[in-house]
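**Student:** Here you go, one structure.
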């Protein structure tokens with residue numbers, strides 16, 4: 001009397017786990033990039049809340065952004081990379097940048113970020 005084996009073979013497990021491992025590895029490689037973006041976003045929001053209701057100009061905003069970038073240790077973008085445009089009674093502060101994370105061999109993951117904050 002022969003019993004038939006049931007379940008997934010070792011080769012089946014490899015085919016099931018390989019894509020999951022690639023996605024997990026990509027997540028590990030992208031985590032520092034998103035943490036850096038969260039620092040940039042937090043900086044812009046803090047500058048907007050600090051200057052809320054006070055008369056300001058682009059020079060003051062750039063100085064505040066530079067100080068916050070130094071405190072937060074933001075290295076991917078500088079104060080000069082942030083666009084500040086006059087809009088109505090306030091300003092629009094925009095950090096638009098691209099970051100690249102090496103993935104496997106000569107394959108990289110490119111992520112584009114665009115954070116816009118209104119300063120009134």
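**Student:** For the stretch 90-109, give me each residue that is part of a strand (DSSP E or B) and either exposed (fewer than 13 other Cβ atoms within 10 Å of the Cβ) or on the phi > 0 side of the Ramachandran plot (or both). Break it down stepwise before answering.
**Tutor:** Taking the stretch 90-109 and keeping what is part of a strand (DSSP E or B), we get 90-104, 107-109.
Those that are part of a strand (DSSP E or B) and either exposed (fewer than 13 other Cβ atoms within 10 Å of the Cβ) or on the phi > 0 side of the Ramachandran plot (or both): 98, 100, 102, 104, 107, 108.
**Student:** Could you go through the stretch 73-81 and let me know if any residue there is within 16 Å of residue 41 (Cβ to Cβ) and part of a strand (DSSP E or B).
**Tutor:** No, the stretch 73-81 has no match at all.
**Student:** Looking at the stretch 68-89 only, could you name the residues that are in contact with a strand residue (DSSP E or B) (Cβ under 8 Å, 6 or more places away or on another chain) and surrounded by 15 or more Cβ atoms within 10 Å (Cβ to Cβ)?
**Tutor:** Scanning the stretch 68-89 gives 76, 77, 82, 84.
**Student:** Let me ask something else. Would you check if residue 119 is at pLDDT below 95, within 29 Å of residue 23 (Cα to Cα) and surrounded by 14 or more Cβ atoms within 10 Å (Cβ to Cβ)? Spell out the reasoning first.
**Tutor:** Values: at pLDDT below 95: yes; within 29 Å of residue 23 (Cα to Cα): no; surrounded by 14 or more Cβ atoms within 10 Å (Cβ to Cβ): yes.
Considered against the rule, which asks whether it is at pLDDT below 95, within 29 Å of residue 23 (Cα to Cα) and surrounded by 14 or more Cβ atoms within 10 Å (Cβ to Cβ), residue 119 comes out as no.
**Student:** Assess whether residue 113 counts as being within 26 Å of residue 27 (Cα to Cα) and free of Cβ contacts under 8 Å to residues at least 60 places away in the same chain. Give the derivation first.
**Tutor:** On the way: within 26 Å of residue 27 (Cα to Cα): yes; free of Cβ contacts under 8 Å to residues at least 60 places away in the same chain: no.
For residue 113, the condition - within 26 Å of residue 27 (Cα to Cα) and free of Cβ contacts under 8 Å to residues at least 60 places away in the same chain - is not met.
**Student:** Please pick out the residue among 70, 81, 99 that is under 23 Å from the mean Cα position of the chain (by Cα) and in contact (Cβ under 8 Å) with a residue 60 or more places away in the chain.
**Tutor:** Numbers: 70 fails: in contact (Cβ under 8 Å) with a residue 60 or more places away in the chain; 81 fails: in contact (Cβ under 8 Å) with a residue 60 or more places away in the chain.
Answer to the selection: 99.
**Student:** Here is a check on your reading of the model: is residue 112 surrounded by fewer than 10 Cβ atoms within 10 Å (Cβ to Cβ) and assigned to a strand (DSSP E or B)? Give the steps one after another, and end with the answer.
**Tutor:** Numbers: surrounded by fewer than 10 Cβ atoms within 10 Å (Cβ to Cβ): yes; assigned to a strand (DSSP E or B): yes.
Judged against the criteria, residue 112 is a match.
**Student:** I've got another one for you. Out of everything in the stretch 27-67 that is surrounded by 13 or more Cβ atoms within 10 Å (Cβ to Cβ) and not in a helix (DSSP H, G or I), what residue ends up being modelled with the lowest pLDDT?
**Tutor:** 56
The values are calculated or read from the model by the stated rules, or taken from the named source; none is laboratory data. Predicted model, so just to flag it, every value in this text is computed and none were measured. Counting neighbours? That spans all protein chains shown, and the Cβs are built from the backbone with ideal geometry, glycine included.
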